[in-house]
1. Looking at the chain as a GNM with Cα springs under 10 Å, which of I60, I47, I74 has the largest mean-square fluctuation?
2. Could you work out the relative contact order of the chain, using alpha carbon pairs under 8 angstrom and six or more residues apart, expressed as a whole percent?
3. Sort H73, H113 by Cβ crowding within 10 Å, fewest neighbours at the top.
4. Using the Kirkwood radius over Cα pairs, work out the Stokes-Einstein diffusion coefficient for the chain at 37 °C and 0.692 mPa s, in µm²/s as a whole number.
5. Helix check for the chain. Which DSSP H runs span at least 18 Å along their own axis by Cα, with a mean Kyte-Doolittle hydropathy no less than -1.0?
6. With loop defined by DSSP as not H, G, I, E or B, and exposure as at most 16 other Cβ atoms within 10 Å, which is the longest segment of the chain clear of exposed chymotrypsin sites (Phe, Trp or Tyr not before Pro)?
7. According to a simple spin-label model (label point 7 Å from Cα along Cα-to-Cβ), what is the distance in nm between H3 and L86?
8. State the extension gain, in nm to one decimal, for the chain segment bounded by V118 and K69, taking 0.36 nm per residue of separation less the distance between their alpha-carbons.
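Nothing in this text is a laboratory measurement; each read-out follows from the coordinates by a stated rule. Here the structure is a predicted model, which means the values were calculated and not measured. Using ideal geometry, Cβ is built from the backbone for each residue, glycine included, and neighbour counts are taken over all protein chains shown.
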Amino acid sequence: MEHVVVALRKGYSILIAPDGRLSRQPDMRLAKQGISYFVERTRARLIPVGIVGCTVDFLIWVLQLKKVKIEMHIGAPFNLPPIMELPLVRTDAYHQNADSVLVQVAALLPVEHCGYYVDYGRFIPNHNSWVPS
């Protein structure tokens, strides 16, 4: 994990799946706290990207040289609030920031791909600053 922090501090861009890993299901899962940790350590700006058509099967098809269709939806850059500014226990603050990232991604995806975040992503009044409660 420290390599990621060093890369971010040097200005490199990295792609992170905040809900864990690829799966056979296209639905979003509950966010992992790792994204909050990286942002807290580096204050990196985030760019949400919603990808449709990229599951474990996608990797199998690519390795078999099959033609694969994916869609990529790119959102506006945003920042997460520092953990210490949130009125929550530290662990809950990390969860809230991680959820905030996936809410931004859910807003970019068709509703059938939002999974855990289906109720969040459609009701973002200002998607650059909204944080779920």
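1. I60
2. 27
3. Starting with the residue having the fewest Cβ neighbours, the order is H73, H113.
4. Details: Rh = 15.6 Å.
The Stokes-Einstein estimate is 211 µm²/s.
5. Working: long enough: 90-106 (24 Å, -0.36).
What comes out of the filter, once short or polar helices are dropped, is 90-106.
6. In the chain, the maximal stretch lacking such sites is 13-122.
7. 2.7
8. Working: separation 49, 0.36 × 49 = 17.64 nm, distance 2.32 nm.
Gain on stretching V118 to K69: 15.3 nm.
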